[in-house]
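Okay, so here's the structure we're looking at.
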Amino acid sequence: MTLDPQSAKAGLRRRLRALRKTLAAATPDAAARAAAHLPAGLARQARVIAAYHPVGAEIDPRPALRVLAAQAVAPTLALPATLDRESPLEFRAWDPALSPEALSPDALGALAPGSGAPVVTPDVVIAPLLAFDRFGGRLGQGGGHYDRTLAALRAAGGVFVLGIAYAGQEVERLDLAPHDQRLDAILTETGYREVG
């Protein structure tokens, strides 16, 4: 029996989620180690830097976000909010000093700033992922939200996309569709590399 591409990708995602959980347990300091590899001045020109609120075993982007924010001059920080299953993400201004209770579930249940927060356009996006390859390929959760969002940001003038992951999430080569958006750089606990 031959699996259709969607079923094969769903199975791959299940295996990668399990792998990520194992990697998270084995390297609890991965987020801090990754942040230490960020090059000086990477975000010097950034006005808006977006990250994500980690879910499950996703690597925590906050240490990297702190380093990037310190490089920029008074940047606005942001988190994504999902409006529905088909729309691009909406980035909303966020103050990490606020308690986690200041965030509320978005349309898919991820924590995000409320609808009253200012909507901003990031020029740096720290993106979560399930797998990456050395060519900048990124495999996400499967909803297409980041692909739609990054395509729109790039069409509007550009964005630098930094994928953050455990080094063990690297695969040989991802089979990307034409709409899949590539990363500009990869950050793991073992190093930083630009791929764009």
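Each reported figure results from applying straightforward, stated rules to the coordinates on display, with no laboratory input. For clarity, every value in this text was computed on a predicted model and none was experimentally measured. No Cβ is skipped: glycine too gets one built from the backbone with ideal geometry, and neighbour counts run over all protein chains shown.
Normalised by the number of residues in the chain, what is the relative contact order in percent for Cα pairs under 8 Å and 6+ residues apart? About 23 percent, as a whole number.
Ranking 12, 145, 54 by how far each Cα lies toward the positive end of the dipole of the range 5-194 (charges on Cβ) leaves 12 at the top.
Kirkwood Rh over alpha-carbon pairs of the range 24-122, then Stokes-Einstein at 37 °C and 0.692 mPa s: what D in µm² s⁻¹, rounded to an integer? Show your work: numbers first, answer last.
Details: Rh = 14.3 Å.
The Stokes-Einstein estimate is 229 µm²/s.
For the chain, the membrane-span-like helix rule (DSSP H, alpha carbon extent of at least 27 Å along the helix axis, mean Kyte-Doolittle at least -1.0) picks out 5-26; this says nothing about an actual membrane.
From the Kirkwood radius over Cα pairs of the range 89-196, Stokes-Einstein at 10 °C and 1.306 mPa s returns a whole-number translational diffusion coefficient of 106 µm²/s.
Convex hull volume per residue, computed on the Cα atoms of the range 5-194, equals 118 Å³.
Using a 10 Å cut-off around each Cβ, can you sort 154, 66 from fewest to most neighbouring Cβ atoms?
154, 66
Only helical runs count toward this figure. For the chain, summing -39,500 (n - 2.57) over DSSP H runs of n ≥ 4 and dividing by all residues gives -8000 deg cm²/dmol at 222 nm. Residues whose amide H comes within less than 5 Å of that of residue 190, counting only those at least five positions distant or on another chain, are 167 (H built at 1.01 Å from N in the peptide plane).
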